[in-house]
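The next block holds one structure in the form of structure tokens; read it before the comments.
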Amino acid sequence: MHDIRALRADPAGFDAAMARRGLPPQSPALLALDEARRAAVTAAESAQARRNALSREIGAAMKRGDAEGAARLKAEVAALAAATADAEDVALEAALAALPNILDPEVPEGRDESANVVLHQHGTPRDLPGAKEHWELGEAMGLMDFEAAARLSGSRFVVLKGALARLERALGQWMLDLHVAEHGYEEVSPPVLVKRDALFGTNQLPKFEEDLFRTTGEHYLIPTAEVPLTNLLREQIIPEPAQPIRYTALTPCFRSEAGAAGRDTRGMLRQHQFSKVEMVSLCTPEQSDAEHERMTACAERVLTELGLSWRRVLLCAGDTGFGAARTHDLEVWLPGQKAWREISSCSNTRAFQARRMKARFRRGKENLFLHTLNGSGVAVGRALIAVMETHQQPDGSIAVPGVLRPFMRGQERIG
RNA sequence: GGACAGGUGGCGGAGUGGUCGAACGCGCCGGUCUCGAAAACCGGAGUGCCGGCAACGGCACCGUGGGUUCGAAUCCCACCCUGUCCGCCA
């Protein structure tokens with residue numbers, strides 16, 4: 001959500017920012033809506049002021065028993081036309097809420113992922129001769145069952161069993177512990193069903209409704225814990241935080257994958273349900289850039305400690321999500337698939353979401369919008385894939401990374 | 001799910017149609033007093049929007065949304081939420 005005052009102050013700058021998103025100039029239409037709205041507000045308020053004044057006079061007249069005067073005043077009020085600015089308010093709000101965030105100056109130009117920039121890399125993309133993909137390994141062990149899942153739930157679901165089920169659990173537990181014990185995040189166990197307002201706050205709604213699962217009632221299943229965690233401070237005014245407020249949660253995530261027909265249909269790379277450890281920070285504008293770097297580093301540490309090869313990618317203008325000013329994707333190398341695949345995405349949305357959800361902090365006499373950041377720390381399902389493919393042995397078994405063994409009762413090998 | 005009770009400012013709690021944005025108490029901020037503090041006393045203090053360079057003026061907000069009325073925190077309707085009891089249940 002954009003600040004109409006900022007737009008008023010610099011329409012050309014705003015249009016330039018939207019041009020980077022591939023959009024035509026927006027300010028003429030927005031300024032016209034704003035002008036219409038303000039004119040309507042001014043008219044409605046002065047009419048109301050007149051009405052209020054007359055009503056007070058009626059009260060005074062009746063108090064002194066002047067029924068005639070009161071009647072005359074009532075007639076005067078009745079002649080006033082009703083006026084509101086509701087329609088104009090809604091129109092401007094909707095127009096402002098439909099536009100993507102302004103990009104950070106460092107975000108490279110470009111239409112799609114081919115213009116993304118690799119910032120740095122850890123490890124090498126190993127070419128393991130005869131390496132198998134995760135689903136081959138999992139099915140061979142009898143611990144990863146897509147057919148059973150299809151019978152239960154349809155496509156894009158998986159059933160994990162035995163040591164693989166435990167490995168998934170170990171990954172989630174270990175990541176969560178790491179962020180809580182060593183990265184300063186507060187653990188949260190949030191609802192996974194939320195209302196529309198929360199989804200508007202983190203900008204899944206109204207634009208991306210088709211990506212969500214909806215209940216028969218008024219709830220939606222969260223597509224990421226970013227939604228409940230970020231909305232924890234919605235409609236709040238907190239004292240200025242000295243340090244960023246950091247939340248983390250391990251939750252299932254639900255995505256309809258409506259636009260992904262035919263993509264990644266094999267294996268568990270793209271599922272309707274997956275679990276993910278999410279990190280969310282809320283902080284002052286001055287803190288947010290450093291916090292973005294720090295958050296990304298927290299996710300990178302997860303990958304490094306799992307012994308994975310990864311790289312950090314700065315998304316280009318065309319690939320950066322609607323709500324983000326700047327996004328770092330982390331990609332892991334999958335030796336079986338022989339490809340880099342996204343496993344984490346860390347975004348600074350600056351005040352874009354905070355303005356939508358009215359999350360503020362007090363500085364002196366002013367109430368300012370917080371900055372909000374979110375990042376996967378990391379996607380558990382994809383981490384499972386990466387661990388399987390990276391640590392697969394010639395005999396088809398998988399070596400359990402050392403950091404996970406305490407969560408596996410010491411088990412060193414699966415399969 | 002059923003029956004009652006209730007949702008008012010940071011908190012507690014008045015207010016049942018006419019200067020009520022809201023008494024009072026607590027807490028909070030500033031000041032006086034004090035070597036300093038406490039106490040006492042004085043003063044201040046909600047959010048958003050519109051107009052204005054500003055001073056300041058105006059509009060809205062008493063769970064949410066409608067309605068009645070010249071006028072609603074107060075009356076009516078619907079919904080949401082909380083508490084208590086009953087039922088059911090991990």
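Read-outs throughout are calculated quantities, based only on the coordinates presented, and are distinct from any laboratory measurement. These numbers were taken from a predicted model, which means no experiment stands behind them. Here Cβ is always computed from backbone atoms with ideal geometry, including for glycine, and neighbour counts include all displayed protein chains.
Laid out as a table, the results:
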| read-out | value |
| --- | --- |
| Residue-averaged [θ]222 nm for chain A, counting only DSSP H segments that reach four residues, each worth -39500 (n - 2.57) | -12000 deg cm²/dmol |
| Net +/- balance of residues flanking A:Glu218 in space, Cβ distance below 9 Å, scoring K and R +1, D and E -1 | +3 |
| Cleavage-rule hits, GluC sites (Glu not before Pro), segment A:51-152, DSSP coil, Cβ neighbours within 10 Å at most 13 | A:Glu106, A:Glu109 |
| Top positive-direction residue, dipole computed over chain A with Cβ charges, set A:Pro105, A:Val90, A:Ala386 | A:Val90 |
| Neighbour-count order for A:Met18, A:Met388, fewest beta carbons within 10 angstrom listed first | A:Met18, A:Met388 |
| Top of A:Gly364, A:Gly307, A:Gly201 by mean-square fluctuation, Gaussian network on chain A, Cα under 10 Å | A:Gly364 |
| Summed residue charge, Cβ within 13 Å of A:Glu300's Cβ, Lys/Arg positive, Asp/Glu negative | 0 |
| If the convex hull is drawn through the Cα atoms of segment A:250-380, its volume per residue in Å³ | 128 Å³ |
| Pairwise FRET efficiency - A:His219 versus A:Gln393, Cβ, R0 = 45 Å, nearest 0.05 | 0.50 |
| Added length on full extension, which subtracts the Cα-Cα distance from 0.36 nm per residue, A:Ser155 to A:Glu45 | 34.0 nm |
| A:Ala258 versus A:Lys365: modelled label distance in nm, points set 7 Å from Cα along the beta carbon direction | 4.8 nm |
| Cα→Cβ-extended label distance, 7 Å offset, between A:Thr265 and A:Glu76, nm | 7.6 nm |
| Trypsin sites (Lys or Arg not before Pro) restricted to segment A:345-382 and DSSP loop, no more than 11 other C-beta within 10 Å | A:Lys365 |
| Sites matching GluC sites (Glu not before Pro) across segment A:356-415 that sit in DSSP coil, with at most 14 neighbouring C-beta atoms within 10 Å | A:Glu412 |
| Kirkwood-Stokes translational diffusion coefficient of chain A, alpha-carbon pairs, 10 °C, 1.306 mPa s, µm²/s | 66 µm²/s |
| In nm, spacing of pseudo-spin labels at A:Ala29 and A:Ala140 (7 Å Cα→C-beta vector) | 5.5 nm |
| Other-chain or far-sequence residues with amide H under 5 Å of A:Ala325's (modelled H) | A:Asn348, A:Thr349, A:Arg350 |
| Added length on full extension, which subtracts the Cα-Cα distance from 0.36 nm per residue, A:Glu286 to A:Asp127 | 52.9 nm |
| Environment charge of A:Gly377, counting only residues whose C-beta is closer than 10 Å and scoring Lys/Arg +1, Asp/Glu -1 | 0 |
| Cβ-Cβ FRET estimate between A:Val188 and A:Arg413, R0 fixed at 35 Å, reported to 0.05 | 0.55 |
| FRET efficiency, 1/(1 + (r/R0)^6) with R0 41 Å, evaluated for A:Ala181 and A:Val90 via beta carbons | 0.30 |
